[in-house]
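Here the structure comes first, spelled out in structure tokens, and everything after it is commentary.
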Amino acid sequence: MSYFGGRVGFNMKKSHLGKPVGLREGNRAGPGTVTRHAVHRNRPAGELYWETKMKKDKETNHTTVGRRFFLGAGAAAGVAGVGGAFGIGSPSRELKAATKSGGLSAEVHPGELDEYYGIFSGGQSGEVRVLGIPSGRELKRIPVFNFDAAYGWGTTNYSKRLLKGKISGDTHHVHLSYSNGTYDGKYSFVNDKAQGRLARIRLDQMVVDAITDIPHSQGTHGIFPSRHKLDGVYCNSEFRTPLPNDGRDMTNPKKYGALHTCVDAKTMKVRWQIEVDGNLDLCATDYDGKYSMACSYNSEGGVTLAEMIAADRDYLIVFNLARIEAAVKAGKGRRIGKSKVPVLDGGKGSPYTLYIPIPKSPHGVNVDPTGRYAVCSGKLSPTVSVVELKKIGEAFEGKIKPRACVVAEPEVGLGPLHTAFDNRGDAYTSIFIDSVVTQWNIADAVAGRNPVKQKLDIHYQIGHINASMSETKDADGNWVVALNKFSKDRFLPVGAFRPENDQLIDISTGRMRLAHDASSHPEPHDAVIVRRDLIRPKKIWDRKDSRFDLERKLAARYGVKLGEESKVVRDGKKVFVFMIGVAPQFSLSEFTVKQGDTVTIVLANNDGVEDLSHGFCMSHHDINFGVSTQEVASVTFKAKKKGVFWYYCPWFCHALHLEMRGRMLVT
Ligand code: CUA
């Protein structure tokens with residue numbers, strides 16, 4: 001099968017070999033011209049199956065089957081259950097033994113699918129990335145706090161509303177939404193350390209659908225969602241600042257504060273904040289919805305390096321969520337500046353917080369899959385502190401000292417940062433200074449035995465670490481990913497800035513074996529590895545999706561049937577161009593505006609086949625965005641110069657993709 005036949009086979013039949021669908025009359029339009037598009041009429045007879053299929057899928061709310069449906073291997077799965085297309089639900093079909101000892105193969109052969117999704121933060125690139133695990137193949141870059149021309153993130157009206165003019169961010173921690181202690185496949189959450197924001201990604205399309213500003217928070221760093229249900233997302237401020245930060249108290253760091261913030265995961269509105277002593281670093285939640293917790297370094301309240309690392313002990317701060325919610329409900333808490341969010345005082349000794357002393361400048365806190373222990377990594381201490389969560393209730397009631405919650409503190413190496421878990425009771429701690437991963441057994445540590453089982457060299461200087469399903473009760477002990485800060489000699493040199501090195505480690509045999517190196521653009525900080533059957537992406541857009549509300553409103557205002565009609569409407573100095581794309585044509589091959597007009601293009605992709613994306617690039621206007629199958633998007637720009645400007649489709653959609661274009665005439 002040829003490339004085109006393979007890629008757009010159905011579409012070729014529909015719109016190239018047959019009549020272009022939906023583009024039959026009046027391909028030219030000026031203001032006021034209406035062109036009707038009867039998208040489903042006059043299809044070749046061969047399309048009948050496809051249409052029936054589409055209709056069925058719409059009724060059952062399932063996405064359409066793709067090429068794999070027609071290609072032998074996937075056919076049975078496709079017929080058996082439309083939603084479970086190409087057998088993604090089948091567990092561990094492709095986990096393969098690589099070694100005689102029964103380890104796993106990191107090789108994913110051509111045409112095979114990965115067993116896991118890796119959802120990686122993109123660090124200072126401001127994005128989130130989706131990788132296949134174990135192959136390390138990059139499947140998607142999800143623009144979040146950054147600009148992305150391919151999708152038009154930062155250009156479309158939808159994304160501009162969320163970004164509010166900002167084009168950079170620093171994503172560190174990416175976590176998924178939970179139900180009953182495991183991933184529910186609905187959302188991913190990611191922080192922006194640079195500008196104090198939290199974003200939500202809807203995993204059905206892997207696109208951002210909400211961005212929330214965290215009030216009075218600088219260095220919004222660790223985040224973690226509730227694990228019992230879709231409830232809160234807890235966000236830590238790493239930097240202490242005056243509260244409010246309006247010019248007061250600048251030279252008096254004693255008056256600075258840091259906040260632990262609860263964002264409602266459903267509405268993405270900020271529910272409450274609580275001020276702490278010291279600053280906050282990584283975040284975790286328990287499995288019961290009782291506590292959120294944060295490692296806190298700089299209990300000294302210093303502003304220089306020497307001041308911040310003076311004390312031998314800092315804290316794990318545990319937040320008593322029931323007490324906090326009750327206090328907020330009772331109307332307690334002050335307001336800071338113009339923010340309406342209630343802020344409680346969670347300083348040492350408050351009823352809302354427990355300060356558990358741990359050594360020294362701790363960084364990561366991770367709760368094990370049994371929900372019994374939180375493991376805090378010392379960073380400047382060679383130890384990890386194992387906190388038994390069921391003791392926390394007694395400590396809150398004053399029956400035991402906070403430090404009595406620490407049930408083990410084994411030495412694991414120099415510079416421990418983060419810990420991942422398998423399903424066999426072992427923990428895997430990233431050790432930055434030693435450049436190793438230390439595998440150690442939690443029960444051995446608690447019993448006072450030497451828990452260290454193996455140390456594996458890492459290339460080089462590991463930061464975050466995670467294991468397959470490690471942050472859930474369904475940890476499966478197959479893979480560990482080590483996110484390394486330096487790659488040095490591991491890849492071809494590319495100038496002074498090098499890629500990072502994400503290393504994959506097979507842990508399925510109970511021992512660590514380095515399986516794979518993968519270079520990555522700077523700089524993934526954290527990642528989760530989730531079984532593929534838990535993520536259920538749609539293959540095309542539903543035209544009724546709320547994401548298109550803005551465009552729907554515009555169409556309604558001007559009496560246009562969105563995605564069914566093409567129309568150019570003038571409203572004073574504003575011109576609205578409603579257009580449809582069906583490969584290989586735009587429904588309007590030209591439109592005319594006046595110099596100085598503000599032009600809004602509303603483009604609907606009316607193709608029905610999966611992976612048939614179009615886009616819209618207006619030459620010399622800094623306008624470029626994509627619309628995938630059945631998607632609608634809009635952009636607004638100024639027509640500053642007189643002349644002819646070609647718009648074209650930047651996504652390779654058809655043999656006549658280059659001809660998918662038209663002219664804007666600016667008079
Ligand atoms: Cu549509 Cu290229």
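The values are calculated or read from the model by the stated rules, or taken from the named source; none is laboratory data. Everything quoted here is computed from the prediction, not taken from an experiment. Ideal geometry is used to build each Cβ from the backbone, glycine not excepted, and the neighbour counts take in all protein chains shown.
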*asked:* Quick check on the stretch 438-456. Is at least one of its residues free of Cβ contacts under 8 Å to residues at least 60 places away in the same chain and closer than 26 Å to residue 225 by Cα?
replied: no
*residue 541 passes all but one of (1) assigned to a helix (DSSP H, G or I); (2) within 16 Å of the ligand (Cβ to nearest atom); which number fails?*
(1)
*Tell me which residues, restricted to the stretch 130-142, are crowded, with 23+ Cβ neighbours inside 10 Å and under 13 Å from the mean Cα position of the chain (by Cα).*
131, 142
*Output the residues belonging to the stretch 122-145 that are of a type outside the set (D, E, K, R) and under 22 Å from residue 479 (Cβ atoms).*
122, 123, 128, 130, 131, 132, 133, 134, 135, 136, 139, 142
*Go through the residues of the stretch 253-273 one by one and say whether even a single one is under 19 Å from residue 334 (Cα atoms), touching a helix residue (DSSP H, G or I) at 6+ places or on another chain (Cβ under 6 Å) and touching a residue at least 12 places away in the same chain (Cβ under 8 Å).*
yes
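Yes/no per residue for (1) surrounded by 22 or more Cβ atoms within 10 Å (Cβ to Cβ); (2) free of Cβ contacts under 8 Å to residues at least 60 places away in the same chain:
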{"position": "567", "(1), (2)": "yes, no"}
{"position": "582", "(1), (2)": "yes, no"}
{"position": "591", "(1), (2)": "yes, no"}
{"position": "614", "(1), (2)": "yes, yes"}
{"position": "640", "(1), (2)": "no, yes"}
{"position": "648", "(1), (2)": "no, yes"}
*Considering residues of the stretch 575-586 that are more than 17 Å from residue 665 (Cβ to Cβ) and not aliphatic (A, V, I, L, M) only, the residue nearest to the chain's Cα centre (by Cα)*: 581
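Using the structure shown, decide if residue 193 is in contact with a His (Cβ under 9 Å, 6 or more places away or on another chain) and either within 25 Å of residue 376 (Cβ to Cβ) or touching a residue at least 40 places away in the same chain (Cβ under 8 Å) (or both).
When the stated conditions are applied, residue 193 passes them.
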_Search result, residues across the stretch 142-194 that are within 24 Å of residue 551 (Cβ to Cβ), touching a Gly at 6+ places or on another chain (Cβ under 8 Å) and assigned to a strand (DSSP E or B)_ = 143, 148
*Return the residue satisfying two criteria in turn: it lies in the stretch 450-478 and is among the hydrophobic types (A, V, I, L, M, F, W, C) and assigned to a strand (DSSP E or B), and of such residues it is nearest to residue 116 (Cα to Cα).*
467
*In the stretch 433-445, what residues are of a type outside the set (D, E, K, R) and touching a Lys or Arg at 6+ places or on another chain (Cβ under 8 Å)?*
436, 437, 438, 439, 440, 441
_strands (runs of 3 or more DSSP E) (entirely within the stretch 585-657) containing at least 1 residues that are within 13 Å of the ligand (Cβ to nearest atom)_ = 598-605, 614-618, 623-627, 643-648
*Could you tell me which numbered condition residue 152 fails, if it satisfies all but one of (1) in contact with a Lys or Arg (Cβ under 7 Å, 6 or more places away or on another chain); (2) buried (at least 24 other Cβ atoms within 10 Å of the Cβ)?*
(1)
*Just one of the numbered conditions (1) closer than 17 Å to residue 362 by Cα; (2) not in a strand (DSSP E or B) is not true of residue 238; which one?*
(2)
_Condition broken by residue 220, with the remaining ones in (1) outside any strand (DSSP E or B); (2) at pLDDT below 95; (3) surrounded by 22 or more Cβ atoms within 10 Å (Cβ to Cβ) satisfied_ = (1)
*How many residues are outside any strand (DSSP E or B) and under 30 Å from residue 289 (Cβ atoms) when one looks only at the stretch 241-269?*
6
*Select from the stretch 571-581 the residues that are part of a strand (DSSP E or B) and touching a strand residue (DSSP E or B) at 6+ places or on another chain (Cβ under 8 Å) and write down the one among them that is nearest to the ligand (Cβ to nearest atom).*
581
*Just name the residue that is farthest from the ligand (Cβ to nearest atom) out of those in the stretch 658-667 that are in contact with a Phe, Trp or Tyr (Cβ under 7 Å, 6 or more places away or on another chain) and not in a loop (DSSP other than H, G, I, E, B).*
666
*Please specify each residue of the stretch 97-129 satisfying the condition of being part of a loop (DSSP other than H, G, I, E, B), surrounded by fewer than 24 Cβ atoms within 10 Å (Cβ to Cβ) and in contact with a Gly (Cβ under 6 Å, 6 or more places away or on another chain).*
114
